[in-house]
Structure formats: C-alpha cells, structure tokens
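See below for the structure under consideration.
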Amino acid sequence: MPGIDECLLEAMALPGARGASLVDWTSGLALGTAGDSPVGDHETTAAETAELARSAAEFDSFVAEGETPSDGPPVEDLIVTTRAGYHVLRFVETSFDSSVFLHLWLDRDTGNLALARIRLKDLAERLVLG
C-alpha cells in the first residue's frame with residue numbers, strides 16, 4: 001500500500017502526466033506534489049482545484065436518490081478539459097472524515113484519459129494516509 005510520495009510517483013508514471021498532487025479540499029493545501037504545476041506554483045494550483053472539488057462535494061445536485069451526505073462526497077472524480085490538457089480530480093475515501101483528492105494534470109496530446117481514471121481510482125483505494 002503506497003503512501004503519498006509513492007502514490008504521486010505512480011501517478012507521474014502515467015502516459016502524458018505533467019503534474020500530480022494530493023490536496024485537502026477543506027484547507028486548499030497540497031499534502032504532496034510531484035512534477036510541474038499548470039501555473040508554476042503547486043500551492044496556487046492546490047487552492048484553485050480545492051475550490052472546484054469543494055463545490056462538487058458540497059452541492060446537493062450531485063447527491064443520488066437514497067444517498068446521504070454522510071456517505072462522503074457524492075462524486076467520484078471530476079474531469080476538466082482545457083485546450084492543452086486534462087485535469088482529473090479523484091476523491092479519496094478514508095476511514096476518517098476524508099476531505100482529500102488526487103489531482104493529475106495530463107498533456108492532451110500524449111495523455112490517456114481513460115487509463116488515468118482507472119489508475120487514479122486504484123491509487124485512491126490503495127493510498128495509505130496517516
């Protein structure tokens with residue numbers, strides 16, 4: 001079971017990976033980073049992506065019928081497509097009140113979005129926090 005650094009290194013091994021981070025969406029702080037940041041500063045990227053993740057996690061519009069807010073964030077992942085790349089945010093479930101997500105920045109020409117989603121799901125399930 002990988003820790004934060006190992007998890008981010010595995011994410012960076014994906015085709016087209018440009019940067020990866022583990023972010024606390026409550027505080028907007030990066031708990032770990034690897035590779036580059038789209039804006040040149042990992043902390044700025046963490047704060048900006050945390051705003052997006054927080055919105056998705058807290059909006060009732062994404063809660064399925066029969067779910068309760070205590071089940072965790074109602075979304076599994078978010079994908080933002082830009083002209084030059086993809087940003088995949090994968091929520092991480094933990095045994096405690098989890099408010100973290102993995103953020104992977106992929107190059108649009110060389111990245112494989114389907115593979116990235118599958119691998120981030122696997123990494124999020126295996127990630128050991130503590």
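Take the alpha carbon atoms of the stretch 4-129, find their radius of gyration, then divide it by 2.2 N^0.38 Å using N residues; give the quotient.
Working: Rg = 13.7 Å, N = 126, 2.2 N^0.38 = 13.8 Å.
That works out to 0.99 for the stretch 4-129.
Would you work out what percent of the accessible area of the stretch 4-129, with all protein chains in place, is carbon or sulfur (probe 1.4 Å)?
Values: 3420 of 6840 Å².
Whole-percent figure for carbon plus sulfur exposure: 50.
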Percent relative contact order for the stretch 4-129, counting Cα pairs under 8 Å at least six residues apart, stands at 28 percent
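Report the equivalent ellipsoid semi-axes for the stretch 3-44 in whole Å, largest first, defined as the square roots of five times the eigenvalues of the gyration tensor built from alpha carbon atoms. Working shown, then result.
On the way: eigenvalues 59, 35, 9 Å².
Equivalent-ellipsoid dimensions as semi-axes: 17, 13, 7 Å.
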Got a sec to turn the phi values of the stretch 52-61 into Karplus ³J(HN,Hα) couplings, 6.51 cos²θ - 1.76 cosθ + 1.60 with θ = phi - 60°, whole Hz, x for Gly and Pro? 5, 4, 4, 4, 5, 6, 9, 6, 5, 4
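Tell me what the chain gives for mean residue ellipticity at 222 nm when only DSSP H runs of n ≥ 4 count, each as -39,500 (n - 2.57), the sum divided by the residue total, rounded to 500 deg cm²/dmol.
About -10000 deg cm²/dmol.
The values are calculated or read from the model by the stated rules, or taken from the named source; none is laboratory data. Being a predicted model, the structure only gives us computed values, none of them experimental. These area figures cover heavy atoms from the full protein model, side chains too; ligands, DNA and RNA do not enter into them. Shrake-Rupley method; radii C 1.70, N 1.55, O 1.52, S 1.80 Å.
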